[in-house]
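Engineer: Mind having a look at this structure? Questions to follow.
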Amino acid sequence: MAVQTRLRAEGSQLRLCDTHHAGKPRFVEGSIVRIYMENFLRHTVYEENILLSRTYDVCEVRPGPNLNVIIGANGTGKSSIVCAICLGLAGKPSFLGRAEKVGLFVKQGCLKGLVEIELFKVPENIIITREIQVVTNTSTWHINRKLTTLKTVEEQVAALNIQVDNLCQFLPQDKVGEFARMSKIELLEATEKSIGPPEMFQFHCKLKSLKEKERELENVCKDKVNSLEKMKQRAERYKQDVDRYHECKRHLDLIDMLQRKRPWVEYETVRQQHEDVKQRRDQAKEELKNLKEMQSPLTKKIRECEEFYNSLNMKIRNTADEIKGVSQKCKEKQDALEMKDKQISEINQALRMKKDEEVDRKKKILSAYKMIDEWNNELNTVTDCENLQPQIDAVNNELKHVQEERANIDSDIGDVTTEKINQERENGRIINRIGQLNNIIKMKEEILQRKFLDTHSALMWLRRNKHKFKKEVCEPMMLTLRDRQKLKVNAVCAPDKSCAETLPSTPIEELHRYGFFSYLRELFDAPLPVMSYLCSQYHVHEVPVGTEKTRNMIERVIKETKLKQIYTAEEKYTIRISMYTKLTFSTNMCLRPAQFLNYSVDTDERRQLENQQQNIKHILQSLDKQLMTLCERQKHLECRDNELRQQKKELLERGSRRKQLESKIAVKYDR
């Protein structure tokens, strides 16, 4: 059988069985006899129960015939052995749940690595060698020191029933969760592949397909039976329909026969009625003849009356024609009389109009004489030698001065208005920016409400009752911290005593040679109580932040410095000293994406914007006062301008008044 059921990396001590036991070896075909690794990952070993923190370029492991589980302390190389088994037996890196590229399994700083696995087989063991190139991320395969291909290696491994992709046969540490999520069916199939002969799984698959086909045939048979039953029921319904059809056909034939007999019956009925009517007609003719003989004298008298009536009608028509002619002549005389009356009325109307026009003409003449007398009186009062030019010049000078002052005020109003518009535009920009900062705070509050509802409720209560506290109470840290450089650093803290200005034990300048550029405290802003608690509780003033250079020389940094916590661009390192062995060991983890500090508010910028907004408000108030004063002055000058123009108009009219009066009097006399 192949590699024994499961290989799991866990525990605290490395246990490897010897290759040979006392007596005859108990290896079976496909068992691992030897594992040789060169420049492969990192191998840390125990010597005399002391953990050595050095690595080896070459490592060889010889497991016993019953290898099942690999256990050992952290960092002792369990994962290295498991990775070597998987990759050395033609497994893919994805089977391990770690790096996706095979070149990443080579020891850091080396260009190539080598994994060699010796498998037990009769008569001669098989040695599979895989040489990994880092630069090209490719592998070279050898079987028993001879160059071969990946496909040949896969065939040799499959022939020994080795399945590194089967979690029931080969279970890396990072695949334990995936193994736990396997269903019972998947576990059964994987177990069959692992412990049974190759044809067992094929027989099982064939059995499942036959069972599925059996269910399909049963369903088809059931459908056929149902269809047959439905067809029988349908035939029974059709039989009843056929009986009803024959019954209907008999009735239709009877109706057709009766329809053919109907005309004869109708003819006989009508013929009988015709005979009866004919007899009644003959009787009526006989009665009519008798009545005519009885009414002969009356008929003669009626004829004589009709002749007399016709003669009277003729006389009436003649008399009516005569009356109509006389009426027509009378109407013509009446129309002529009405025409004469209308002409008389028109003549009287024209006469009245002439009289009214004469009266109006006399009134106009009297009015004209009266107006001429008034103009003559005014003409007598107006002197020819009146000199109005000095007054007109004075009015013109004052009018020019007023217009110049109005132009200056208009210019001042334009300047003040422009300045006001600019200030309002700047105020709008500041309002928009403050709105953006408020939106960031609102988003952070929404995140707080979504993730910590009780904390959000407490925050709302604090804002409503902040005046009840004697000292300052800071809001949750995620609302007050401001990340300056958008680093992937997550922190949670609360306010405490004043330690915000505590100096670090080692100046940052001494750590520059390791790639450190700042302590964590200098990379974000927070209120003084919050920063004080961060320094006291989490020692953020003692946590340096490094670069890729720090990551590359992390072993040297841990060895030469006494730092307890280190951040790089992508990772966090924690250094601890064992309480029992006093050995130094470190753990590292990738930084998660920021959850609470991904939205930062620049409090200095917001404070500066609020001050600018207050200054702009004062400036706008001052500009409004200036604008109001200028508008009042402009209104006063406009009134004065209208007064001067009216005075000028009156003076000009006084100068030309005499000529106007003489011209008007002459025109009146001409009329």
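Engineer: Filter region 500-531 down to residues that are among the basic types (Lys, Arg) and closer than 15 Å to Thr547 by Cβ, then give me how many there are.
Structural biologist: Of the residues in region 500-531, 1 are among the basic types (Lys, Arg) and closer than 15 Å to Thr547 by Cβ.
Engineer: If I filter region 550-559 for residues that are touching a Lys or Arg at 6+ places or on another chain (Cβ under 8 Å) and exposed (fewer than 13 other Cβ atoms within 10 Å of the Cβ), do I get at least one hit?
Structural biologist: No, the conditions are met nowhere in region 550-559.
Quick grid of which residues meet (1) under 20 Å from Ile117 (Cα atoms); (2) in the same structural domain as Ser80 (by TED's automatic domain parsing); (3) at pLDDT below 75:
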site: Arg145; (1), (2), (3): yes, yes, no
site: Leu160; (1), (2), (3): yes, yes, no
site: Val164; (1), (2), (3): yes, yes, no
site: Phe170; (1), (2), (3): yes, yes, yes
site: Asp174; (1), (2), (3): no, yes, yes
site: Gly177; (1), (2), (3): no, yes, yes
site: Leu187; (1), (2), (3): no, yes, yes
site: Glu192; (1), (2), (3): no, yes, yes
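Engineer: Let me ask something else about it. If you check Arg425, Arg352, which single one turns out to be in the same structural domain as Leu637 (by TED's automatic domain parsing) and either closer than 30 Å to Gln647 by Cα or out of contact with any helix residue (DSSP H, G or I) (no Cβ under 7 Å at 6 or more places or on another chain) (or both)? Please lay out each step first, then the result.
Structural biologist: On the way: Arg352 fails: in the same structural domain as Leu637 (by TED's automatic domain parsing).
From the options Arg425, Arg352, the qualifying one is Arg425.
Results for (1) closer than 22 Å to Leu188 by Cα; (2) assigned by TED's automatic domain parsing to the domain that holds Leu188; (3) of a type outside the set (Asp, Glu), shown as yes or no for each residue.
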{"residue": "His204", "(1), (2), (3)": "yes, no, yes"}
{"residue": "Leu207", "(1), (2), (3)": "yes, no, yes"}
{"residue": "Leu210", "(1), (2), (3)": "yes, no, yes"}
{"residue": "Glu216", "(1), (2), (3)": "no, no, no"}
{"residue": "Val220", "(1), (2), (3)": "no, no, yes"}
{"residue": "Asp223", "(1), (2), (3)": "no, no, no"}
{"residue": "Glu229", "(1), (2), (3)": "no, no, no"}
{"residue": "Lys232", "(1), (2), (3)": "no, no, yes"}
{"residue": "Lys239", "(1), (2), (3)": "no, no, yes"}
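Engineer: Filter the strands (runs of 3 or more DSSP E) completely within region 72-154 down to those with at least 1 residues that are surrounded by 17 or more Cβ atoms within 10 Å (Cβ to Cβ) and in contact (Cβ under 8 Å) with a residue 24 or more places away in the chain.
Structural biologist: Ranges flagged: 112-119, 126-133, 138-143.
Engineer: Could you check Arg654 against (1) at pLDDT below 80; (2) exposed (fewer than 11 other Cβ atoms within 10 Å of the Cβ); (3) not β-branched (Val, Ile, Thr) and say which number it fails?
Structural biologist: (2)
Engineer: I would also like to ask the following. Tell me which of these Phe179 doesn't satisfy, since it passes every other one: (1) part of a loop (DSSP other than H, G, I, E, B); (2) touching a Leu at 6+ places or on another chain (Cβ under 7 Å).
Structural biologist: Looking at each condition in turn, Phe179 falls short on (1).
Engineer: Criterion first (at pLDDT 80 or above and either over 15 Å from Arg130 (Cβ atoms) or assigned to a helix (DSSP H, G or I) (or both)) does Val28 satisfy it? Let's see the steps before the verdict.
Structural biologist: Values: at pLDDT 80 or above: yes; either over 15 Å from Arg130 (Cβ atoms) or assigned to a helix (DSSP H, G or I) (or both): yes.
Spelling it out, Val28 is indeed at pLDDT 80 or above and either over 15 Å from Arg130 (Cβ atoms) or assigned to a helix (DSSP H, G or I) (or both).
Engineer: Here is a follow-up. Has region 516-535 got at least one residue that is among the β-branched types (Val, Ile, Thr), farther than 17 Å from Met589 by Cβ and part of a helix (DSSP H, G or I)?
Structural biologist: Yes - at least one qualifying residue is present in region 516-535.
The values are calculated or read from the model by the stated rules, or taken from the named source; none is laboratory data. Small disclaimer: the values here were computed from a predicted structure and weren't measured. In this analysis, Cβ positions are derived from the backbone assuming ideal geometry, glycine residues included, and neighbour counts consider all displayed protein chains.
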